[in-house]
Amino acid sequence: MTEIQTPRLILRRWHEDDLVPMAEINADPEVMRWIGDGSVRDLERTAEDIERWEEEWDEEGFGLFAVELMASGELAGFAGLSVPRFLPEVLPAVEIGWRLGRQYWGQGYASEAAHAALEFAVQDRGLDRVISISAVGNDASENVMRKLGMAPERETTHPAYGHPLRVHSIDLTEFHA
């Protein structure tokens, strides 16, 4: 089982008891405002998401980690790697992404988890480049991208929803863990 520990977090594969707390995160309109069309997701949709994330682990050898707070065992959200199939123009590519519950914002958890996921991309999976995609205006996510050493690469439009997106990238051959 793939598991990474940081000073405050455990990044791990998904457990059955992660469904309800992840569904609560996905039900928050403020959390979801920059995701897809901004719609919240219910328990059933969250279960489908987790099932798809676990399938990606099996198919690709990487995926989105459940992010657990080490001190309390609470599920804070996810961070990790995925193939951004929703944006064919960037393929082939591996994207780093994250989504945390609002109560976990502003504490450095997203940066800590994403940095660990980049280390995983380089050291365990041998990737030499990773991208990250954000809706233009999502300053919090772009701030995490800058902290990771990512640079804006291009702007484009979401193929399904028509809003502007910004693609960031990092050359992992120069990444220092």
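The values are calculated or read from the model by the stated rules, or taken from the named source; none is laboratory data. These numbers come from a predicted model, not from an experiment. Neighbour counts run over all protein chains shown; Cβ positions are idealised from the backbone, glycine included.
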_Single residue of GLY106, GLY126 found to be within 23 Å of ALA23 (Cβ to Cβ), out of contact with any Gly (no Cβ under 6 Å at 6 or more places or on another chain) and surrounded by fewer than 20 Cβ atoms within 10 Å (Cβ to Cβ)_ = GLY106
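Residue-wise test of (1) without any contact (Cβ under 8 Å) to a residue 12 or more places away in the chain; (2) out of contact with any helix residue (DSSP H, G or I) (no Cβ under 7 Å at 6 or more places or on another chain); (3) part of a strand (DSSP E or B); (4) not aromatic (Phe, Trp, Tyr).
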position: VAL130; (1), (2), (3), (4): no, no, yes, yes
position: SER141; (1), (2), (3), (4): no, yes, no, yes
position: GLU153; (1), (2), (3), (4): no, yes, yes, yes
position: ALA160; (1), (2), (3), (4): no, yes, no, yes
*Within the range 7-30, how many residues turn out to be of a type outside the set (D, E, K, R) and within 16 Å of the chain's Cα centre (by Cα)?*
8
*Have a look at ASP49, ASP42 and point out the one that is within 21 Å of LEU87 (Cβ to Cβ) and modelled with pLDDT of 95 or more.*
ASP49
*State whether the residues of the range 152-164 include one that is closer than 22 Å to ARG8 by Cβ and either touching a Ser or Thr at 6+ places or on another chain (Cβ under 7 Å) or charged (D, E, K, R) (or both).*
no
*Could you please give the count of residues in the range 72-85 that are out of contact with any Gly (no Cβ under 8 Å at 6 or more places or on another chain) and either under 20 Å from HIS158 (Cβ atoms) or polar (S, T, N, Q) (or both)?*
4
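Table: residues versus (1) surrounded by 13 or more Cβ atoms within 10 Å (Cβ to Cβ); (2) aromatic (Phe, Trp, Tyr); (3) in contact with a Ser or Thr (Cβ under 7 Å, 6 or more places away or on another chain).
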{"site": "TRP14", "(1), (2), (3)": "yes, yes, no"}
{"site": "ASP17", "(1), (2), (3)": "no, no, no"}
{"site": "MET22", "(1), (2), (3)": "yes, no, yes"}
{"site": "MET32", "(1), (2), (3)": "yes, no, yes"}
{"site": "LEU43", "(1), (2), (3)": "yes, no, no"}
{"site": "GLU48", "(1), (2), (3)": "no, no, no"}
{"site": "GLU59", "(1), (2), (3)": "no, no, no"}
{"site": "PHE65", "(1), (2), (3)": "yes, yes, no"}
*Within the range 24-55, restricting attention to residues that are touching a residue at least 24 places away in the same chain (Cβ under 8 Å) and hydrophobic (A, V, I, L, M, F, W, C), which residue is farthest from GLY97 (Cα to Cα)?*
LEU43
*Can you tell me which residue among LEU100, LEU75 is under 22 Å from VAL167 (Cβ atoms) and within 17 Å of the chain's Cα centre (by Cα)?*
LEU100
